[in-house]
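Q: Starting off with a structure, shown below.
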Amino acid sequence: MATIKVYTSPYCGYCSAAKHLLSSRGYEYEEIDLWGDPALMQEIMRKSGQRTVPQIFIGEHSVGGYQELLAAASSGELEALVADL
């Protein structure tokens, strides 16, 4: 199974929703808090092309934020991404 990383910040409702969605589907993930680490935040923004949290990666694939994760889960793409990596 691929490694799922969720980059978050405190008090982020979409971060909580993304973590809940992953947990409710039985996926384990690593949460990485970007708060207080501007260098890591810049790196993730560069890798994902996004400036918001959460940012979800499956392996090296950037899924995007919560809305993109929800769409991937609804379409079956999430399961395929996790299985493929």
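Any read-out appearing in this document is the output of simple, stated calculations on the displayed coordinates, not a laboratory observation. Since we're looking at a predicted model, the values are computed, not measured. Heads up, the Cβs are rebuilt from the backbone with ideal geometry, glycines too, and the neighbour counts pull from every protein chain shown.
Q: Report the normalised scattering of the chain as log10 I(q)/I(0) at q = 0.15, 0.18, 0.24 Å⁻¹, calculated by the Debye formula with identical scatterers on the alpha carbons.
A: Result of the Debye calculation: -0.48, -0.69, -1.23.
Q: Given a Förster radius of 25 Å and the C-beta distance between residue 67 and residue 24 as r, what FRET efficiency does 1/(1 + (r/R0)^6) yield to the nearest 0.05?
A: Working: r = 17 Å, r/R0 = 0.66.
With a Förster radius of 25 Å, E is 0.90.
Q: If you count the DSSP beta bridges with both ends in the chain, what percent of them are antiparallel, to the nearest 5?
A: Given both bridge residues lie in the chain, the antiparallel proportion sits at roughly 65 percent.
Q: Can you put 7, 27 in order of Cβ neighbours within 10 angstrom, beginning with the fewest?
A: Details: 7 26, 27 18.
Result, fewest neighbours first: 27, 7.
Q: Let me ask another. Over region 4-84, what is the relative contact order in whole percent, taking alpha-carbon pairs under 8 Å and six or more residues apart? Kindly include the intermediate steps, with their values, before the conclusion.
A: On the way: 99 pairs, mean separation 27.4, N = 81.
Reported as a whole number, the value is 34 percent.
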